[in-house]
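The values are calculated or read from the model by the stated rules, or taken from the named source; none is laboratory data. In this text the structure is predicted, and so the values were computed from the model without any measurement. A quick note on method: Cβ atoms are made from the backbone with ideal geometry, for glycine too, and the neighbour counts reach across all protein chains shown.
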Amino acid sequence: MIVGLAVVAIMMVGVVVDASAAYLRRSGLDSLADGAALAAADGVQGRQVYEGGLGERAEIDAEAARAYVAAYLRGTGAARRYPGLVCRVETGTDRVVVHVSAPLDLPITPPGWERRPTISGTAASFVVVSD
């Protein structure tokens, strides 16, 4: 009975450690996506303001937003911190949505698991024109 309880306790420790690692990775990726989305919206909005004014509505340029996101990710060293990082940028007329994902090496890999789980984070930034 003691051996059985020890096995259950070790399994519970493994689950908690792996869940904590996944949570921390997701939190980091959410922060990274948030910063990238804000950098893209701020950069596009700033460029538009200085080049010709906003007028009635700010418009997000998809290519410029992708360039600002890429520059932000390079500047923060995201690829070094999150090996295998994949980034996808979606734009609308007034928003930038950044999806990032990266594989996670679990601290305690369960027996039989050959694949690494992929953790993702998403953030959006909206450009609103007001008086």
Looking only at residues that are farther than 24 Å from Y23 by Cα and of a type in the set (S, T, N, Q) in the range 61-103, which one is nearest to the chain's Cα centre (by Cα)?
T91
Please specify each residue of the range 79-130 satisfying the condition of being in contact with a Leu (Cβ under 6 Å, 6 or more places away or on another chain), touching a residue at least 60 places away in the same chain (Cβ under 8 Å) and outside any strand (DSSP E or B).
P117, V129
Can you tell me which residue in the range 73-98 is surrounded by the most Cβ atoms within 10 Å (Cβ to Cβ), limited to those that are touching a Ser or Thr at 6+ places or on another chain (Cβ under 8 Å) and over 11 Å from L32 (Cβ atoms)?
V96
What's the total number of residues in the range 18-38 that are surrounded by fewer than 16 Cβ atoms within 10 Å (Cβ to Cβ) and over 12 Å from L104 (Cα atoms)?
2
Taking A41 as meeting all but one of (1) of a type in the set (A, V, I, L, M); (2) over 12 Å from the mean Cα position of the chain (by Cα); (3) modelled with pLDDT of 80 or more; (4) surrounded by fewer than 16 Cβ atoms within 10 Å (Cβ to Cβ), write down the number of the exception.
(4)
Against the condition more than 13 Å from A40 (Cα to Cα) and either without any contact (Cβ under 8 Å) to a residue 40 or more places away in the chain or among the hydrophobic types (A, V, I, L, M, F, W, C) (or both), how does L73 come out, does it pass?
no
